Amino acid sequence: MPAKSPYSVHPSIPYVQNVIAKLKTKTGRTIDEWVEFVKKDGPRTESERRDWLKERHKLGTNYAWWIAERSVGKGEEDGDPAAYLRKAPEYVAEMFAGKREVLKPIYDRLLSLGLGVGKDAKACPCKTIVPLYREHVFAEIKPATNTRIDLGLALGEVKGKLPKRIEPVKNAKGNRITHRIAIESVDQVDAFVEKWLTAAYETDRSVDH
């Protein structure tokens, strides 16, 4: 029996499903009908098809993007929970390939800690980061360089001085991730990191969003 995946469906998937379901009503075609139409009558490349859909057929950016992607065999995971869960481990594998493979043990430890802070904590990988969610993003794991992972934390407005290991995120306005801890070895994923991951998790419950 295969091991249970540590990943959950990204919160954006139901939104995309809902929007795509309304495509027929809004445009006269379902997404599958648009894909067939684009393959038959549209330009050759994905980017040309995207522009053609927007300019010739007056579709919005999201619709044009989804249709163009699917017309070249991509993007199914954006609106299909099962496809997303199949893709999620690939995102992580690609993130930690090559020179960044040495960071994978750090990632595995951070993922375990992040999912362990509460029963409703979940990890939903994207192409370049792995966000951790409760009701909202409370943390994110990001390979920042070939030798360092940044653990981003959504701590909101913090009163008082924080420990030196916690740095404010530059240009954090409008971003839930306000602080980060730079981590370069598994040994640095310690009780301090667990404490602040838990603080970010608890902040998501207590702050009125």
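A short reminder: the numbers here are calculations on the coordinates, not readings from a lab. Here the structure is a predicted model, which means the values were calculated and not measured. Quick reminder, even Gly has a Cβ in these numbers, built from the backbone with ideal geometry, and neighbours come from all protein chains shown.
Below, the figures for the structure above:
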{"quantity": "Restricting segment 148-168 to residues that are surrounded by 15 or more Cβ atoms within 10 Å (Cβ to Cβ), assigned to a loop (DSSP other than H, G, I, E, B) and among the aliphatic types (A, V, I, L, M), the residue that is nearest to the chain's Cα centre (by Cα)", "calculated": "Ala154"}
{"quantity": "Residues satisfying the stated conditions in segment 13-57, i.e. outside any helix (DSSP H, G or I) and over 22 Å from Ala83 (Cβ atoms)", "calculated": "Gly28, Gly42, Pro43, Arg44, Thr45, Arg56, His57"}
{"quantity": "Hits in segment 54-103 - residues which are touching a residue at least 60 places away in the same chain (Cβ under 8 Å) and more than 14 Å from the chain's Cα centre (by Cα)", "calculated": "Asp80"}
{"quantity": "Of all residues making up segment 58-100, the number that are under 28 Å from Thr30 (Cα atoms) and not in a helix (DSSP H, G or I)", "calculated": "9"}
